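Contents: one structure, followed by commentary.
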Amino acid sequence: MATVGIDRAKVEANVLAAAEGDQDAFDWLVECYGRLVWSVIRSHGLSDADAHDAFQTTWLRLVEHLDRIREPRAVGGWLASTSRHESLRLLRHADRARPTPEEQFDQIEDAAETVDHDLIVAERDTQLWDALNELGERCRTLLRVLMADPPLSYEEVSQALDIPIGSIGPTRGRCLGQLREHLRTRGITG
C-alpha cells in the first residue's frame with residue numbers, strides 16, 4: 001500500500017491501536033511505510049544483510065517506542081529518522097570491520113586505470129557525503145529520501161516527512177543550493 005493520499009487521522013488511529021497491541025494496526029503501518037523505510041536505508045548504500053538488519057531494527061524501535069510517539073500523525077518522519085540512524089549505526093560498525101591497508105592492497109587489480117578510476121570515484125563520493133552531512137537534519141533527510149531507489153512520489157515524501165507537497169520542490173532546491181555551496185568550499189565544482 002502506498003502512502004499516497006493517506007489520511008493523517010487514520011495514521012494516528014493505527015499508531016495508537018498498535019501501541020495498545022493491535023497487530024493489524026501495526027501491520028497496516030508496515031504496509032504503508034515499509035517502502036519509505038527501505039528507501040531511506042537503501043540511500044545509505046548498505047549491504048543487503050545490513051539493509052535487512054536496519055529495516056528490522058527500525059520496526060523494532062517503533063514497537064519499543066509506540067507508546068511514546070509524540071506526534072502519531074507524523075510517524076512517517078519518525079520512521080525516516082530512525083531508519084537513517086540505524087543505517088548510520090551499521091555503517092559506523094562496518095567501518096570498524098574494514099580490512100587493513102595491506103589486505104586491501106592484496107585485493108587490488110593490476111590495472112592502473114581501474115585503480116585510478118576507483119580512487120577518483122571514492123574520493124568524489126566521500127566529498128559528496130561529507131558535504132551532505134554538513135547540511136541540516138531536514139535537508140539531509142529530504143535529499144536522502146528523494147535519492148531513494150526506487151524513487152518515492154512527492155505524495156509519499158509529503159506524508160512521510162510531514163512536508164506540504166508544494167514545499168518539496170522549493171525546499172529541495174534550497175537544500176541542493178546549500179550542498180553545492182559546501183562542495184564549492186571543498187573546491188568541487190561542476
Worksheet entry | Size descriptor, Kirkwood hydrodynamic radius, that averages inverse alpha-carbon separations across the chain, Å | 18.3 Å
Discussion item. Testing the spin-label approximation: label points 7 Å from Cα along Cα→Cβ at His85 and Glu181. State their distance in nm.
Written reply: 2.8 nm
Worksheet item: Which FRET efficiency value, to the nearest 0.05, do you get for Ala122 and Glu20 by plugging their Cβ-Cβ distance into 1/(1 + (r/R0)^6) with R0 = 45 Å?
Response: 0.40
Discussion item. Based on DSSP loop calls and a cut-off of at most 10 other Cβ atoms within 10 Å, the longest stretch of the chain free of exposed GluC sites (Glu not before Pro) is what?
Written reply: 21-108
Item to complete: Hand me the trypsin sites (Lys or Arg not before Pro) from segment 22-97 located in a DSSP loop with no more than 15 other Cβ atoms within 10 Å, in residue order please.
Response: Arg70
Response to the item:
Here the net charge surrounding Leu142, from other residues whose Cβ is less than 12 Å away from its Cβ (Lys, Arg +1; Asp, Glu -1), is +4
Fill in: Fewest-first ranking of Ser87, Ser167, using other Cβ atoms within 10 Å as the exposure measure
Ser167, Ser87
Discussion item. For a quick check: sort His93, His44 by the number of other beta carbons within 10 angstrom, fewest at the front.
Written reply: His93, His44
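Only the coordinates and a few stated rules stand behind these numbers; no lab work does. Note that the coordinates shown come from a computational prediction; the quantities given were computed from them, not determined experimentally. All Cβ positions, even for glycine, are placed from backbone atoms using ideal geometry, and neighbour counts span all protein chains on display.
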